[in-house]
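Undergrad: The structure under discussion is supplied below as C-alpha cells; questions concerning it will follow.
Coordinate-derived values only; no laboratory data. The structure presented is a predicted model; accordingly, all values stated were derived computationally and were not measured. Counting neighbours? That spans all protein chains shown, and the Cβs are built from the backbone with ideal geometry, glycine included.
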Amino acid sequence: MNVEELEKEKNEGVNSIPSTERRNFLKMGLAVTGVFLGGTVLSLTSVKTARGGNADSVIPAEGQYPYTKHYGMVMRQNNCIDCEKCLDACRETNHVPLEHDAWRTNIQERLTTVDGVEKREFRPILCNHCNRPPCVRVCPTKATYKDPETGIVVMDYKKCIGCKTCMAACPYNARYFSHDKYAIDKCNFCLDTRLAAGEKDTACAAACPADVRIFGDIKDTSTRIYKLLHEPDKKIWVIRPECGALPNVFYMNA
Amino acid sequence: MKKEFLPVAVAILAGSFLLVSHASATSATEEYDEDAFGPQDPIIWDEPAKASFDHKIHTDDYGLECDSCHEDVFAMEQGIAPESGNFTMAAMAEGQFCGACHDGDTAFASNTNCIACHAVPEDPIVWTKPVKAVVFYHKAHTEDYGLDCDSCHDEAFAMKAGAAENAPDFTMKALYKGKYCGACHDGETAFASNTLCNTCHIGKKGYDRMMGVEPHAEKKGTHGGH
Amino acid sequence: MTKNSIADIFAQTEDTRLATPGMNRATIICLVIIVLGLGCGVASFIFGHENVYNYTRDVPWGMLISTYAFWAITSTGLCIYAAISHLFGGTRMAIVSNRMVWMSIICILGAFATIGVEIASPHRMIIYNILSPNPTSNIWWMGTLYGMAVGCMIVEFFGIVTGLARIAVILGTIGAVAEVLANSCLGGVFATLPARPYWYGGQLPIYFLTAAFLSGAAATVLFNHLAYKIRGTEMSEAVKDGVKSAGKAMALVLVLYTVATFWRLIMYFVGGAELGRIAADALISGPLSINFWVLEVAIGLVLPLLLIMLSRLRNIGMMALAGFLILIGQFVARYDLVAAGLLVPGTLGWDNVPTYFDYVPSFAEFAVVLGSVAVVAFGFLMGERLFGKTFDQKEHH
C-alpha cells in the first residue's frame, strides 16, 4: 500500500465504523436492553425494511422503504460557503424566532491549520429524519413521530409535555424548546409550509446559491438525490453513524 | 513571476521612500510657505478610488508653479475633480487631470508607478454581495504572488471600491467565464474558481469574526429566573 | 377495626408525644420552604420554562432531573427493603418496615414535586400519557410505573394503619415490583441513548438499582435514627436490631456500589467512544472533578465506609451519620451522572465548541431542590406525628 496516498486520505475517526460492525453492536444492544429499546418488535416503523442496501453502505437500498415517499437530503458539503441564505429562508418560511437557541437548520464551521495555512470547512446540519429515530422512540406521548406518508419526523405540538428527552436523545442537536409553541420544535423538511403547498423542495434547498442541499424522494429513481446517492465511486457519509439512527441526511463532496 | 516583480517593487518602494525623506528633510529645516507651495498636507481622494497627491513634492521639490496646474488642469476649489465624474485613469491617459504631465515624457506615465499615488490596501477587501462573505487580500496577491496593480486593474476589476460588488454579474458563473477573479483563477494561472470555495468564502461566521461581532453566547440573555 | 372512622384511626396511630411547639415550628418551616421553593418552580409556568431554568438546547437537562432521579431511587430502595421484610417476615428490618413504606411514599412525592415543575407542560402529560401512550418510551413506562407504585403503596399504607395486613402485603409486593421496574426504566431513560455514550449501555439500569439499595438502606438508618432523636427516646432492642440490619445492608451495598463506580469509569479509558471518555474525564479531572472526588467519593463513599467500620455496626448514631453522608454522595452522584452525559458536545471539533458546555443550575433550580428536600422533611415529621404509633410497633405480622 502506498503510505503517502493513504496519508492524504481524511481521517475518518471512530465515527465511520463500518456499518456491519455497527449493526452487530446495535443488535447486541437490542438484545441486552430488550423490551425498553423495542427494536424491531416495538418500534414504530419497520426498521428492518429501512436499512442500508449493503453492509458497507449508509444509503437505503432500493425497494425497501416503509413510506409512500422517502424524503432525504444530500449535502454537497465542500460547496457550502456559509452565506447562511438557507438559515434566513428557513426562519422566514417556518417562523423560527431569531434567538440563539432556536434554529431548525444551522451551519457549523471547523477551522484547522494545515501547513500554517488556515483552512475552513462548513457543514450544514438539520434534522436527519432518521429511519430509527431516537427522538421518536423516547417520546412518552407520541408527540413526535414518523409521518407514514413521507418518513419525515414531525411534531404534534399539543401533545408535547416538554420533558426534553428527545433533545437528550437526538445525536444531531436538531431540537429546541420553542417558547412560542411551548413545545419542542424541529425541522420538518417544510412539510407544512412548502411540501403541502406542492413545492418540490425545502426552503433551505431552494435558497442555496451553491447547490449544496439536494432535497428529494430517495425512492424515486428519477430524482437528483437518487442519482447523487447512487453515483459510483463517490464517498458518501452520514454524521454520527455509530448512533445507529440510520439518518436520511447524507454528506458528500461535490 | 515573483522574481521579475521583486526588483521592480524594491525600486519603486526605495524611490518613493527617497522622495518622502527628501521632502521631510526640507520641511524640517525651513519654514514651509503654504502660499508659495500649496497646502502642506497631502490631498487624499476617496472617489472614485483612494489616491493621494502631495503639493510639496510637486512645488517645493520639482519646482512647479501654482499655475502649472491651476486652474487649467485642476480647479482650486476642493472636490471639483472627483465630482466631475470623469476623474478616472482613462481620462488621465487622454491627458486630463494628472495626465497633463504624467504622460511618460514630462513625468512618469499615469498607467505606471501606481503606488506613487495609490496605496495597496492594507485591509482585506470583504465583499458581502451577492453572498456573505468573500475575502480578498491585496497583500497576498501583490507581495506573495508578485502581481502588479495592472494585472487586475482596470480590466478584471475597476479601481473603484464596491464596483464589482454592485455589478449584477459579479457571480460565480461570470468567474467561470473568465470575468473578475476568473481572469486568473481558471485552473491554469491560479486554482480554478470552482474549487477550494472556502479559500475566499469565509462565510457569515468568518465575516462576523473579522468584524469583531461576538459569537452568540451559549445562553441567551433573557433570564427571568435569577 | 375497618369500621373505625378516620378520627379513630388517627387516635390509634397518632403519636401525641410529638405534638410539641418545637415540632410545630419545624413543620411550619418545612411548609414555608416548600411553598417558596416549589413556588420558584411553579413560576416557570408563568415566566417561561427556558427563562427560569438554565437549560439550553445543548444541555436540556440538569439538576432537577438528577434530583428527581435521586428521590425516585431512594424511594425504590426504601420500598424494596420494606417489601422484602413484609413478604418474608422474619427479617429483623420488618419492625421498621412501616416507617420505610411511608418514607418511600414521601420520597416519591418529593420526586414528583421536582419533576412536576421540571417538565414544561405537566398538564399535557396527564392527558396524553393516557390518550397517546408510547410503549417504546422509557419515560412513559417510568412515569406510569412510578404512578402505579405510589398508588399501590398508599393503599398498602392504608392497609397497614387499619390493620389490613393481607391487602398491605399484596399491594406492598405489587408496589415494590412496580418500583423496581420503574427504577429500571429510569436507568433505561439514560441507558438507551446511543447519542450519549456516557450513559449508553446495559450496565446503567443495574447501577441505578444498586444505588437504590444503597440509598434505601442509608435512608432507613437515618430516618429511624431521626425518628427516635426527635422523640428523645431510646430505640427498643428489636428496633435497634432492625436498624443494625439495615446498616449491614448499607455497608454491603456501599462496597458493591463502589466497585460498580470504579469499573464504570475505568471502561471509558480503555477505548470506545470519544464522547464517553471526555464525559468521564469531566469527573476525573474536568468541571465535575470536585463534585466527584470530594462529594461523591470522599464524603459519599470513603468516609461512610470508615464510619461504618468505626461503628462496628453497633453505634447507630455513627451509622446514621454515615447514611446521611451516603445520601449526600448519592445526590451529587446523580447530578454528576446527568451533567457529565450532557456537558459533552456531540459535534466536538465543529464550530470550535468548548470541550464542555457551561451549565450551572439557576437560582430557581436550587430553590426547587430545596423545596423537594422540605417535602421529604415535612412528610417525615407529619408521618412520625400522625402515624408514630404504627411505626413504633413492637412486632409486625
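Undergrad: Between the DSSP loop rule and a limit of at most 12 other Cβ atoms within 10 Å, which GluC sites (Glu not before Pro) in region C:198-299 are left?
TA: Working: sites: C:234, C:237, C:274, C:296; in loops: C:234.
Sparse-neighbourhood loop GluC sites (Glu not before Pro): C:234.
Undergrad: Tell me, which longest segment in chain C has none of the trypsin sites (Lys or Arg not before Pro) that fall in DSSP loops with at most 12 further Cβ atoms within 10 Å? Present the calculation step by step, with values, prior to reporting the outcome.
TA: Values: sites that count: C:3, C:312, C:314, C:394.
Counting at most 12 other Cβ atoms within 10 Å as exposed, the longest clean stretch of chain C is C:4-311.
Undergrad: A follow-up question, please. May I ask you to sort C:108, C:33, B:125 by Cβ crowding, counting other Cβ atoms within 10 Å and putting the fewest first?
TA: Result, fewest neighbours first: B:125, C:33, C:108.
Undergrad: Rounded to the nearest 5, what % of the DSSP beta bridges within the protein assembly as shown are antiparallel ones? Intermediate values should be presented prior to the final figure.
TA: Working: 31 of 36 bridges.
Counting DSSP beta bridges with both partners in the protein assembly as shown, the antiparallel share is about 85 percent.
Undergrad: Now a separate question. So which GluC sites (Glu not before Pro) in region B:143-219 are both in a DSSP loop and have at most 15 other Cβ atoms within 10 Å of their Cβ? All intermediate terms of the calculation are to be shown ahead of the outcome.
TA: On the way: sites: B:143, B:155, B:165, B:188, B:218; in loops: B:155, B:188, B:218.
Answer in residue order: B:155, B:188.
Undergrad: Placing +1 on the Cβ of each Lys and Arg and -1 on the Cβ of each Asp and Glu in the protein assembly as shown, which of C:198, C:164, B:112 has its Cα farthest towards the positive end of the resulting dipole?
TA: C:164
Undergrad: Also, I was wondering about something else. Apply the Karplus curve 6.51 cos²θ - 1.76 cosθ + 1.60, θ = phi - 60°, to the phi angles in region C:37-51 and return the couplings in whole Hz, x for Gly and Pro.
TA: Working through the residues one at a time gives x, 5, x, 4, x, 4, 4, 4, 6, 8, 8, x, 3, 6, 8 Hz.
Undergrad: Let me check against my output: what whole-number percent is the relative contact order of region C:106-260, with C-alpha pairs under 8 Å and at least 6 apart?
TA: Relative contact order of region C:106-260: 16 percent.
Undergrad: Okay, next question. Taking the beta-carbon count within 10 Å as an exposure proxy, list B:160, A:159 from fewest neighbours to most.
TA: Values: B:160 15, A:159 23.
Least crowded to most crowded, the residues run B:160, A:159.
Undergrad: Between rounded, prolate and oblate, where does region C:1-90 land on the alpha carbon gyration tensor, with a ≥ b ≥ c its root eigenvalues, rounded for a/c under 1.5, else prolate if a/b exceeds b/c?
TA: Oblate is the answer for region C:1-90, as a/c is 1.5 or above yet b/c matches or exceeds a/b.
Undergrad: I need the phi-derived Karplus couplings for region C:135-146: 6.51 cos²θ - 1.76 cosθ + 1.60, θ = phi - 60°, integer Hz, Gly and Pro marked x.
TA: Each residue of region C:135-146 in turn: x, 8, 8, 5, 4, 4, 4, 4, x, 5, 5, 5 Hz.
Undergrad: Quick one: putting +1 on the C-beta of Lys and Arg, -1 on the C-beta of Asp and Glu, what dipole do you get for region B:125-210 around its Cα centre, in Debye to the nearest 20?
TA: Numbers: 10 positive and 11 negative charges, 125 e Å.
The dipole magnitude comes to about 600 debye.
Undergrad: Along the charge dipole of the protein assembly as shown, Cβ charges K/R +1 and D/E -1, which of B:142, C:297, B:175 sits furthest on the positive end?
TA: After comparing all options, I get C:297.
Undergrad: Using +1 at the C-beta of Lys and Arg and -1 at the C-beta of Asp and Glu, which of B:213, A:65, B:187 has the Cα lying farthest in the positive direction of the dipole of the protein assembly as shown?
TA: A:65
Undergrad: In what sequence do A:73, B:210, C:318, B:76 fall when counting other Cβ within 10 Å, fewest first? Don't skip to the end; give the middle numbers.
TA: Values: A:73 28, B:210 14, C:318 20, B:76 10.
Placing the least packed residue first, the sequence is B:76, B:210, C:318, A:73.
Undergrad: Another question, then. From the square roots a ≥ b ≥ c of the eigenvalues of the alpha-carbon gyration tensor of region A:151-195, which class results: rounded (a/c under 1.5), prolate (a/b over b/c), or oblate?
TA: On the way: a/c = 1.96, a/b = 1.27, b/c = 1.54.
Cα axes put region A:151-195 in the oblate bin.
Undergrad: Residues with amide H under 5 Å of residue A:163's amide H, sequence separation 5 or more or different chain, H placed in the peptide plane at 1.01 Å from N; which?
TA: C:120
Undergrad: Would you work out the charge dipole size for chain C about its Cα centre, treating the Cβ of every Lys and Arg as +1 and the Cβ of every Asp and Glu as -1, and quote it to the nearest 20 debye?
TA: Values: 22 positive and 21 negative charges, 193 e Å.
Charge dipole, chain C, about its Cα centre: 920 debye, nearest 20.
Undergrad: Just C:140, C:199, C:263 to compare: in a GNM of chain C, with alpha carbon springs under 10 Å, which one fluctuates most?
TA: Answer for the Gaussian network model of chain C: C:263.
Undergrad: Relative contact order (percent) for region C:275-397, with alpha-carbon contacts under 8 angstrom and 6 or more residues of separation?
TA: Values: 87 pairs, mean separation 28.0, N = 123.
The normalised contact order for region C:275-397 reaches 23 percent.
Undergrad: Can you tell me how the protein assembly as shown classifies by the Cα gyration tensor, rounded, prolate or oblate, using a/c under 1.5 as the rounded cut? Write out the running numbers ahead of the final one.
TA: Numbers: a/c = 3.07, a/b = 2.28, b/c = 1.35.
Prolate, because a/c is 1.5 or more and a/b exceeds b/c.
Undergrad: For the protein assembly as shown, with only Lys/Arg (+1) and Asp/Glu (-1) charged at the beta-carbon, what is the dipole magnitude about the Cα centre, in debye rounded to 20? Present the calculation step by step, with values, prior to reporting the outcome.
TA: On the way: 73 positive and 89 negative charges, 1712 e Å.
For this selection, approximately 8220 debye.
Undergrad: Can I ask one more? Could you go through region C:325-331 in sequence order and give the Karplus-derived ³J(HN,Hα) for each residue, using 6.51 cos²θ - 1.76 cosθ + 1.60 with θ = phi - 60°, rounded to whole Hz, and x for Gly and Pro?
TA: Per residue, the Karplus-derived 3J(HN,Hα) values read 5, 4, 5, 4, x, 5, 4 Hz.
Undergrad: I'd like the distance between the alpha-carbon centres of region A:146-214 and region C:59-129, rounded to an integer number of Å.
TA: 36 Å
Undergrad: Return the distance in nm (one decimal) between the two label points of a simple spin-label model at residue A:196 and residue C:269, each offset 7 Å from Cα along Cα→Cβ.
TA: Simple spin-label model gives 5.4 nm for this pair.
Undergrad: Please report the spacing between the Cα centers of region A:218-237 and region C:243-313 in Å, no decimals.
TA: 51 Å
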